[in-house]
Amino acid sequence: MRAKALLLAAILGASCALCARCALAQDGDTIVRRVDDHYNHLSSLRAHYSERYSGMGMDRTEEGTLLLKKPGRMRWSYATPVGKVFVLDGKFAWFYTPGDAQATRVPAKQLDDLRSPLRFLLGHTQLKKELDNLTVVAEGSGFRISGVPKGMDQKVKVLSVGVTAAGAIDRMRVEEVDGAVTEFVFSGMQENVPTKDADFAFIPPAGVTVVEGLPPI
């Protein structure tokens, strides 16, 4: 009888563990769908961001304003350093820092900059199709969704996105294969704000040469 009782307890324990894993998977699917749904109903977004990069002997912090507009437009306007911009106009990505003699232009389809994982918010969001090895864990009052952006496995070790219970992204951490880490924290988010195409245009200052190439670090 005791052996049967132990066997039954083991079976029940395994069943409970399996049920717990199933429940966690279902909860994870619910959170992912909530994020997808949240951003699929947005046409534009404005937020303040702080960015910290550590790697290659550097450790710097910058901040500014992020503006997104569907389809395919993004503008990171830096307050520190003033005037630095990263613009995605739908066709090209532009990078420029005041004082530089050159502005860099990269075709949008070739972009693999660390800000580019947020591009999935500019189309029809489906996180499961954007991230390989996707996982969801509870973190504080929200959740952390992690995975490897498709096509970036040679550069990115893992992308972690922090989301609120309502499905809004409020932080992002990119760990690169070479050990460098970039973290973004978003605040003051305003959804469906008025925008115009001119907000995402970049005109090189007089005397600045446009070069084709890889984005700067």
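The values are calculated or read from the model by the stated rules, or taken from the named source; none is laboratory data. These numbers were taken from a predicted model, which means no experiment stands behind them. Glycine gets a Cβ as well: all are built from the backbone with ideal geometry, and neighbour counts include every protein chain shown. Protein only, heavy atoms only, side chains kept; ligands, DNA and RNA dropped before computing areas. Shrake-Rupley method; radii C 1.70, N 1.55, O 1.52, S 1.80 Å.
Rounded to the nearest whole Hz, the Karplus-based 3J(HN,Hα) values (6.51 cos²θ - 1.76 cosθ + 1.60, θ = phi - 60°) of region 156-165 follow the sequence 9, 6, 7, 10, 10, 10, x, 10, 7, 4, with x at glycine and proline. What shape does region 141-188 have by the C-alpha gyration tensor, where a ≥ b ≥ c are the square roots of the eigenvalues, rounded means a/c under 1.5, and otherwise prolate means a/b greater than b/c and oblate the rest? Prolate, since a/c reaches 1.5 and a/b exceeds b/c. Taking the Cα centre of each part, how many Å lie between region 26-76 and region 123-182? Distance between centres, Cα-based: 10 Å. When Ser187, Ser141 are compared by accessible area at a 1.4 angstrom probe, the order from most to least is Ser141, Ser187. As a quick test, which of the pairs Lys70/Lys150; Lys84/Lys155; Lys84/Lys128; Lys84/Lys150 have an alpha carbon distance above 26 angstrom in this structure? Violating the 26 Å Cα-Cα cut-off are Lys84/Lys128; Lys84/Lys150. Taken one residue at a time, the phi angles of region 126-141 give Karplus couplings (6.51, -1.76, 1.60, θ = phi - 60°) of 8, 4, 5, 8, 8, 10, 7, 6, 5, 9, 9, 9, 6, 8, x, 8 Hz. Gly and Pro are set to x.
For Ala198, the shell of other residues with beta-carbons less than 14 Å away shows a net charge of +1, using +1 for Lys and Arg and -1 for Asp and Glu.
For Phe92, nonlocal amide neighbours, meaning residues 5 or more places apart or on other chains whose placed amide H falls under 5 Å from its own, are Ala108. Compared with the direct C-alpha span, the chain from Lys128 to Ala201 gains 23.2 nm at full extension, assuming 0.36 nm per residue.
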